[in-house]
Each structure stands twice: as C-alpha cells, then as structure tokens.
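Trainee: This is the structure I want to talk about, given as structure tokens.
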Amino acid sequence: MEYILAHDVGTTGTKAVLVSPSGEVAATAYAPYPTSYPRPLWAEQDPADWWKAVGQTARAVLDRAQVPASAVMGLTFATQMLDIIALDAQRELLGTCISWLDCRAGEEARWVMGRLGGPSIFAALVGATITGKDMLPKYVWLKRHAPEVYARTKTFIDCTGYLMLRATGRLVFEWTTASVTGLFNLKSKSWDTGLMRFFGLERSKFPDLVGSTSQVGGLTAEAARELGLREGTPVIAGAGDGPCAAVGAGAVGEGEGHMCLGTSGIVGVMTRRKVTGKRGLATIQSTDAAKNLLIGEMETCGECLNWGARVLYGREADAAAFSLMDADVDATPPGAGGLLFAPWMYGERCPVSDERARAGFINLGANHSRREMTRAIYEGVAFNLRWILESVQSLYGFACPSLRVIGGGAKGRPWLRIIADVTGRQLEPTLQPQEAAAVGAALVGGVGLGLYPTIEATRNVIRPSQVVTPDSGQHEAYTQAYRAFQSLYPSLRGLFHTLNRGERTAA
Amino acid sequence: MSAQVDKYVLAIDLGTSSAKVALISMRGDVAGWECEPIGLTLLPNGGAEQDPLDWWNGIMVASKRLLGRRLIPAEAVVAVCASTQGGGTAPVDRDGNCLMNCMIWLDSRAAQVVRRHVGGGLDLGGYNALKLQKWVNLTGGAPSLSGKDRYGHMLWIKAECPDLYARTFKFLDVLDYVDLKLTGQFVTSADSAVGTWMTDNRDPRNVHYVAELAKLGGLEIEKLPAIRRSIDVLGPLRSEVAEELGLRKEVVVVTGAFDVPAAALGAGTVRDFEPHVYLGTSSWVGVHVPFKKTDVASAMASLPCAIPDKFLLMAAQEVAGGNLTFFRDNILFSRDAMLDQEAPRDYFAALNRVAESVPPGSRGVLYTPWLYGERAPVDDPWVRASFHNLSLGTTRADMVRALMEGVALNTRWVFEPAEKFAGRRLDPVSMVGGGAQSNLWCQVHADVLNRTVRQVKDLVYANARGAAFMAAVGLGLVRFEDISNLIKYQATYTPDPDRRALYDSMYREYLTIYKVTHKIHERLNRARN
C-alpha cells in the first residue's frame, strides 16, 4: 500500500496525515509550536519551528502506521495563509514570520485604500475593506518601518514557499496563497506588476508562481534526513488550508459548496466563473487552475460556543462540556424563547465586514435561562451562516442546496440540525471532518502525482458520514427570528463604532 | 438609643415577596424585625395574583415572632402602621371577605380591555384625546395602557366576571385590606386612592373621588373605600388582633401609605426637591415637589402622597436588583444539565467582589435591564434586556459589573427627566432598598448619575420606617420637618471626575440601544404573544 504524506501547517501546530489514494487516513500525528507577541498588535512565528514540527510528525506518523519511507509516494502541504517571510540573498531568514494574526499595518491598510479612492470605493472594487492583518499593507509596513530589512530582502515568500524551500531547495510562491496577497492576477495567474509598481514594491522580490498540483521537485538529501523520508520523494506544492479544505470536503464541482465549522466559520463555493468579491465575500484561486474559490468567512463560529462554555458554564470548552450544552440545547424548543444572539465576538468579515462589530444577547427576558442563551448561541451562528449563504445566492446565483460540512462542528448533532433548519440547506458532514485540510492536500498531491486526472475527479473520494435534511416547517418557523437578526447589525453599527472607536483588532 | 423610654410603632412593610414587620421608635431607630415570605401566582395570560389572607397570615406570624423576642416592653408599642405594595385590586364583600385573589401591580390581564375603554376617537398615544385631557387635568395622569393598575383591574373584573363585580362591596388596594384587618374599616389612603385614576388631585389636602372619571370606564365610585390621610389615626386596633399579639387595647392604627411615599419618608427626604432612589427587586426615583404637574412625554406626574400638603413625583422602574437574582437563578446556577453546585449563601457579597475586580465600563460590555419591559421613562411592555458588545475576552466578572452599571444607567434614564420635571438639579440623592447595601453599587450610581449619593443607615427598613414616621406624625409626637434630622447616613459617595467622560458616553450609547432596538423587540414579542 502506498500513501501520500500531507501536513496541515496551522497556527497552533502542524498535523501530519498519511492518506491512501482512496482517501483513507492511516495515521495522524501532531506537534505544536508557539506564537510570540513581541508588541501589542504584533504576532510572529519562527518558520524553523514549523520545519522542526514537520520533521517530528513525519517520523511519528510513519511509525504509527508502521509504514516504511518507501511507501510514501509524495509529500505535500496545506498551510496557514496571509503570512510574510523575508529572505536575504543567501536565502536566510530576515527575522521571523509575520503571522496572519498580526495587525500592525492598520495605518498602511488605510493608506492603501486611500490610494484607491478610500475605504468605501475600495470595498466596492475589491469586495471588502482591508485591515492591518492583510498582506499588501504589511509589505508596505516593512518598507516604511524597517527599511533596512526591506532593502536586504531578496525574496518574499510565505509558509508554503518556506516549506518548499526547505524540502526542495527551490524558491516558489504557490497560486492559492499568492492570490490573497492582493498582488495576484486571478485571470492570468501571474503577479500584478502594475499594482506592485503603484504601491512601490519590486517585482524582483517575488519568486516564480507555481500551481497547487505542481511537482516542485524532489526531497533534498538534507530534507530527507530531517523528515525520515527518501531522497527524491516528489514534493507537490499543495495549497492554503482553505482551498485544501474545499477538496477535503469533496465539494469541488462547479457551484458546489462546503461549510467549515471551526473556530472561525467558512462558506466556500468552487466556480469556473470570474466572480468579484462583494459583502465581505472574497474570491481567491482554488487548487483547481480552472476554478476560483468564493469564500465567506465568519470570524467567530465554534469560538462562540467555546465562549459560552467558558463564561456561561464556567467550564473548559471540551467534549464533556459540549455534550452537556448539547443536552441543554435539545431540552430547549427552537427559537430559544425569542432570545437572539449576535455572534460577532471578534468583529465580522462576512456578510458584513466590520472589525468593530461585537456580540450580544438581545431580547433577554425573565422567562429565559442559561439553556435559552446556549440555544441562542447555536442559532445565532446559524443565522449568520444563513446570511452568508443568502448573500452567495443573491449575488452570484449559487443556491448550494446541499453543503459538505467539515471542521469540529460537523460532529455536533443538535447544532447541525439547527444549521440545516435555519439555512434550509441539506448538510453532509464528511467522515473525517477535522482532517479535511490535510486530506484535501493529499488529494491535491494525488493530482500532482497523476493518481487522479483533475481536482474535480477527486470529488467521489470523499464521502459524507450522514445527510441532515432541513425541516421546511422549522425553516419557516425560524424566519421571523432571522429577519430580526438581520436588522440587528444595521441598527447597532453606530453603537459598535462609538464604543470600539479606539480598538484595533488585537491579537 | 433610648429604647426603654421611647414609644414604638409596630411598622409593617408588605412587599411582593415578603411581609416584614419591624419595631421602630418615634425617632426612626429599628429595635428589631422579622420577615415572612409570601407566594405569588403568575398566570400565563399575564395574571399576577396573591391571596390577601397570605398577607395577613404573614404579617401576624412575623409580628408574633418579633414581639415574642421581647426586645422592648409590649406597653411601649403605641401604634400600628403599614406601608405596602401599591396598585393591587382585591374585591371584597360587606363582611370583608375576598371574592377572588388580589390582582397585584404586576397583573397585566387588562391590557386589551383598557385600550378599548380609554381609546377611540381622536387618538393621542392610544388614548382618546378628550378623555386623556380630563384625566390629566384632574388626576395628573391616566390609566396605564399596560393594564397594570387598579383602573385596569376593575375594568377587567367587570368585563370578565360581571357577577363578581356586581357582588363587590369595595375594591380594596393592598394597604386598604391590611387596614381593614387591623381596624374593621373600609378605608384607603389618599396616595393609594390616586391609583384608581378616579380622584381629583388638584388640592392634595382634599383628594376626592369624581364620579365622572369612574364613568369614563363604566365604573362606580361607590365601590371604592373612603379616603383618609396617611397620618390619620383610624382608631383602635381590633381587640382580637391586639389580644392575639399581646398588645394593649389602646394601641391605635394609623392609615399608612403605599411603598413609594413611605420610602420617601423613611429615606428622610421630606423637604421639597430632595430625591431618593429605592433599589430593590424593582426600583424608583421619588421626590417631593410643591406642585401638581404632568409630563406626558416621559410619563411622569407628581401626585398626592403621605405628606398631606405635598405632591410626590414618582417614577418606578420594572426590574433593578431583580437582575442580579435573575443572573444567579437563571444563568450562573441555572437548573440545567451542567448545574454542579448551588449558589453560595453570600452570593451578593461575592458578586460585589467580582464586580469590583473589573474597571469602570465593564471592559466595553453594556447591559440593559429590561427583563420584564419598562415602565419609566417609557411605558414599553415589549422591550427586553440585552447584553451588548461582548468580545472573546469578555468574562463573567465583566458581565456582572455590566449588570450593575446597566441598572445605574437605567436609573439615570429616569433621573434626568425627573430633574427636568422638578426644574432643578436634584443633588444629593439618598439611596435605600436592599440593593443600596452594596457600597460599589452606590458608588456606581454616584458616578453614573454624577450626583452625590447618601447611603441611608438601616436602608432595608426604609419603608417600615416611613410607616413609623407616619404614625409618629399622626400621634403628634414628631413633625414632618423633624424627620430630616432623625436620619443617619452610613456613607456618602461623590462622583469620580475621572469617570465622567466614560459614563457619559456609555449613557449616550444606552439611549441609542433603546432607540435602535425597541422596534425589533416589539416585533419579536408582539408576534410571540
């Protein structure tokens, strides 16, 4: 039996997953690494930590599965996105990696938007305003605030690029992760040199682009030693974790959608069409060269439930707490007795894009208790997902009558029932919902190795564990509360902006 | 304390949740007190009932236990006087037997029937303009559209139980029933009679029923008890009662008043323009003024009270300290799947410590305390409570402080129009009621209101002490103007200038929340009703 080794290199750690060509997971291994917060708003990671963790978990996963290194057909990655790494002429790191969590470049984000007509025009052009967390403002930040680092920078890469460099010795920038820099042309799959000039960035600092399914090279002798694999093992670029997850969800056909219920929440739709982002929906390159991925991100999704466990119940947000919360939700009729929850605990991205929005319980009466509050949280997240799905439908015509579901939330029984009824969509959680990014990367690797002819051909590899069909009566019953939910943000926007005027989204 | 030589009043404070009885000297000193809980029946149709016999039993049990402690010689008790919850309607026959349970001040069953009777024709906020003018002119107010007052209760009984209405000899308020049990007389106090919206209140010394106002709703003033002043000596305590309690035959009963005017005396705020804030399960702002006036916009009026020649502006708010018990019983220690411990006995003390650990502003969390809707400065049965601006970092402690700040912001919401009504700055504010035991909450009120707050000594007995003062004045032993000097303060809280900008901006946002969400609440809650 042969396998593809995929690494999901996330924010808190990396997970190695050994996947068979039929999509089965033979073994997994995890290793954490730290994030440092050297100053307010700053967040950094050391790329060397990633590589070390990749090595550890690669060995661990082979060991666990009792598989020899010779059984590994190829190596690939699903990576965190929106991070920045600067290399000098000797390909050495200049400092650490600026994480996607870092929001130091707020000033530069405003400057960038100002150069394109200001935030509202910018949002109309691009689909959303940008913040100090985005990549383009961070390149500008480096040039302004660390000019000597910027001057010594020979090449900017990101997480995938760093891993490719360590694995193969090649300097490349992968399409999906390049497509979130703000400097990538989705149509021509090339760097937008015009935009680079406009913002004073040099084209020469950005390496050549490669597609997700490209074989970047073979493992170098050194890398093979570090990972416990064979020299020359094919290395396929892989992609950002979001684009990989779409593949791992099995929602890769035209107009097919998936929903990721993780710490944050994502609705993603693959399409051949050239769609422009609106209402916080972003269009990025998918793992399939022919398709874009339309993404609507909800900043705090499962994290709202975690908050409920911590604050309302005074518990760790673990499986035991969730089973008790689920019991309370089951014991509470749909509608939570009229109580509403707005789930914007850390600002929101979609369908409203506002880093100053915050969460709330509205319509709390003496007839409510903690179980209604918990049910309201479950329902409030579902309302926001419905809002995203309705935006996707009304703006682009993708109805997504059924959605694959991945992420930890795909295992929550009452929550899936609520989301299905609220959204009126059929939900299909996958068999390994928490491994979706890594499994997706493995399938991308499989395409790169020629095991599958195209990305779209991988769709039958992923199977749902069950099908949750919406109850049309319940869907109807939720509609009144949903209408009230929709009116909350426009009503409260002014309040958020006054109360949180001084706030910058801090890490 | 000159307990041995002083004369004492057996002062009754009959609230919604308990009957409290205290022995209080003519100088306002509390020798001791006892308390008995009282049940409340909430009906799905908005009904809220209590059995008047439960009140009476509670009062008698607590009185016997108190007198049994022999804190003072029984001969020292010279009078009995009560302060009670107001706005209740208990129909009784000629023998004083209750024909049904009392519909208490929370009972909103009459909401629809009231609208039918007071509306129609030229509409002014739900009222017929001509009828409203008549009411405002004579009474200073008008029946509440919420149905939660005596006018509404009587209309409801007449519409829903016509036989019972016909058999009713008198519709008694809560105080009236207690006075009936104490004296055998069917009487009411002037301040209670005002709650029928059938009296001419223009001269506070001559509050009298007006048949024409009763007829606006098809009601009859013959079914209402005779009006007495709060300080009138009604007569001797019924001998059976005196005997049962072991009191002298000479003990007299003084009319008393309902809780708001009583608390105004018990807080020592007897002079014009001296405000008090009562912070109990619910809350109110009260201030004596020398004029009768109505501010329709903020639903505020000054009405006859316990002091015979004065008017009292009162603005009651629905839930204040009740928010903290709600947080305990329904959230922190909710009886659900995860309950693994009981609430600590010193819950409120713990809550204060927790709230103290959070900086002013509750780290951005805002709470609006409208768990049951609100009465003032808006009469809105649909609005409900909310937590706003919750972040990932928000903790329980932040939410607890937000509860306390939210209640204080709600107080300011009614305090500002009260000052406008009075035509002057109302400062300092005397605080009474159980919630004012919290030093932190007093300071928060001082900071939010930007007024000096005086924490009255023995503030939980304010209503009973008010009743005792009414007896003392009625017996000619104390003058109203002496009361200010008899009150002591536990502490004084001055507003912190460093918090001025913060609380002013929070207050503006608080107003915004009502403005932008009350329609959403109305849509949600009307549809559910």
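Trainee: If you take the charge dipole of segment A:395-507 about its Cα centre, with +1 on Lys and Arg Cβ and -1 on Asp and Glu Cβ, which of A:Tyr489, A:Gly407, A:Pro433 is farthest toward its positive end?
Mentor: A:Tyr489
Trainee: For the pairs B:Lys148/B:Lys293; B:Lys7/B:Lys310; B:Lys223/B:Lys249; B:Lys215/B:Lys420, note any where the Cα-Cα span goes beyond 24 Å. Can you show the working numbers first?
Mentor: Numbers: B:Lys148/B:Lys293 22 Å; B:Lys7/B:Lys310 27 Å; B:Lys223/B:Lys249 31 Å; B:Lys215/B:Lys420 34 Å.
Pairs exceeding 24 Å: B:Lys7/B:Lys310; B:Lys223/B:Lys249; B:Lys215/B:Lys420.
Trainee: Moving on. Just to verify a number: FRET efficiency for A:Gln393 and A:Arg115, C-beta to C-beta distance, R0 = 35 Å, to 0.05?
Mentor: Working: r = 33 Å, r/R0 = 0.95.
Efficiency computed from Cβ-Cβ geometry: 0.55.
Trainee: Taking the Cα centre of each part, how many Å lie between segment B:41-86 and segment A:183-203?
Mentor: 83
Trainee: Express in whole angstrom the spacing between the alpha-carbon centres of segment B:230-305 and segment A:371-431.
Mentor: What the calculation gives is 57 Å, centre to centre.
Trainee: Computed FRET efficiency, Cβ-Cβ of B:Arg528 and B:Asn137, R0 35 Å: what is it to the nearest 0.05?
Mentor: On the way: r = 38 Å, r/R0 = 1.08.
The calculated FRET efficiency here is 0.40.
Trainee: Expressed as a rounded percentage, what relative contact order does segment B:65-187 have, with Cα pairs under 8 Å and six or more residues apart? If you can, show how the numbers build up before the last one.
Mentor: On the way: 168 pairs, mean separation 39.6, N = 123.
Once normalised by length, the contact order is 32 percent.
Trainee: Could you please rank B:Lys488, A:Lys133, placing first whichever residue has the fewest other Cβ atoms within 10 Å of its Cβ?
Mentor: On the way: B:Lys488 12, A:Lys133 24.
The fewest-first ordering by Cβ neighbours comes to B:Lys488, A:Lys133.
Trainee: Still on this model: If you average the C-alpha positions of segment B:413-433 and of segment A:118-152 separately, how far apart do those two centres end up, in angstrom?
Mentor: If we compute the Cα centre of each part, the gap is 52 Å.
Trainee: Moving on. What is the angle, in °, between the Cα long axis of helix A:472-499 and the longest principal axis of the Cα atoms in chain A? Nearest 10 is fine, range 0 to 90.
Mentor: That works out to roughly 70 degrees.
Trainee: If you don't mind, there's one more thing I want to ask. Using only the Cα atoms of segment B:261-329, build the gyration tensor, take square roots of its eigenvalues as a ≥ b ≥ c, and label the shape rounded, prolate or oblate: rounded if a/c is under 1.5, else prolate if a/b is larger than b/c, else oblate.
Mentor: Details: a/c = 3.33, a/b = 1.72, b/c = 1.93.
Oblate shape, in that a/c is at least 1.5 and b/c is the bigger or equal ratio.
Trainee: Give the aspartates and glutamates whose C-alpha is closer than 12 Å to that of B:Lys131, dropping any in the same chain fewer than 8 places away, or say none.
Mentor: Output for B:Lys131: B:Asp123, B:Glu212.
Trainee: Quick one: compute the contact order of segment A:387-461, relative version, from alpha carbon pairs under 8 angstrom and 6+ residues apart, as a percent. Display every interim value, and only then the final one.
Mentor: Numbers: 60 pairs, mean separation 18.9, N = 75.
Relative contact order comes out at 25 percent.
Trainee: For A:Lys205, give me every one of the lysines with a C-alpha distance below 22 angstrom, ignoring sequence neighbours fewer than eight places off in its own chain.
Mentor: Cross-link targets: A:Lys133, A:Lys138, A:Lys143, A:Lys154, A:Lys187, A:Lys189.
Trainee: Check which residues have an amide H placed less than 5 Å from A:Glu348's amide H, if you skip close sequence neighbours.
Mentor: Close amide H contacts, sequence-distant or interchain: A:Asp354, A:Glu355, A:Arg356, A:Ala357.
Trainee: Which whole-number percent gives the relative contact order of segment A:87-200, counting Cα pairs below 8 Å spaced six or more residues apart?
Mentor: Numbers: 118 pairs, mean separation 26.7, N = 114.
Relative contact order, segment A:87-200: 23 percent.
Trainee: Let me ask you something else. Exposure proxy check: B:Arg109, B:Arg353, A:Arg371 ranked by fewest other beta carbons within 10 Å?
Mentor: Working: B:Arg109 21, B:Arg353 12, A:Arg371 25.
The most exposed by this proxy come first: B:Arg353, B:Arg109, A:Arg371.
Trainee: Just want the ordering: B:Ile227, B:Ile307, from fewest to most Cβ atoms lying within 10 Å of their own Cβ.
Mentor: Values: B:Ile227 21, B:Ile307 26.
Going from sparsest to densest Cβ surroundings: B:Ile227, B:Ile307.
Trainee: Here is a further query. Once the piece of chain linking B:Val296 and B:Tyr489 is laid out straight, how much longer is it, given 0.36 nm per residue of separation minus the C-alpha distance between them? The partial results should precede the final answer.
Mentor: Working: separation 193, 0.36 × 193 = 69.48 nm, distance 3.49 nm.
Full-extension gain reported as 66.0 nm.
Trainee: May I ask you to list the lysines whose Cα is less than 20 Å away from that of A:Lys52, ignoring any residue fewer than eight positions away on the same chain?
Mentor: Reachable lysines: A:Lys15.
Trainee: What is the spin-label model distance, in nm, from A:Arg501 to B:Val378 if the labels are put 7 Å beyond Cα along the C-beta direction?
Mentor: The modelled label-to-label distance comes out at 2.4 nm.
All of the numbers you see were taken from the coordinates with simple rules; none came from a lab. These figures come from a predicted structure and were not determined experimentally. Because the Cβ atoms are built from the backbone with ideal geometry, glycine has one as well, and the counts that use them run over all protein chains shown.
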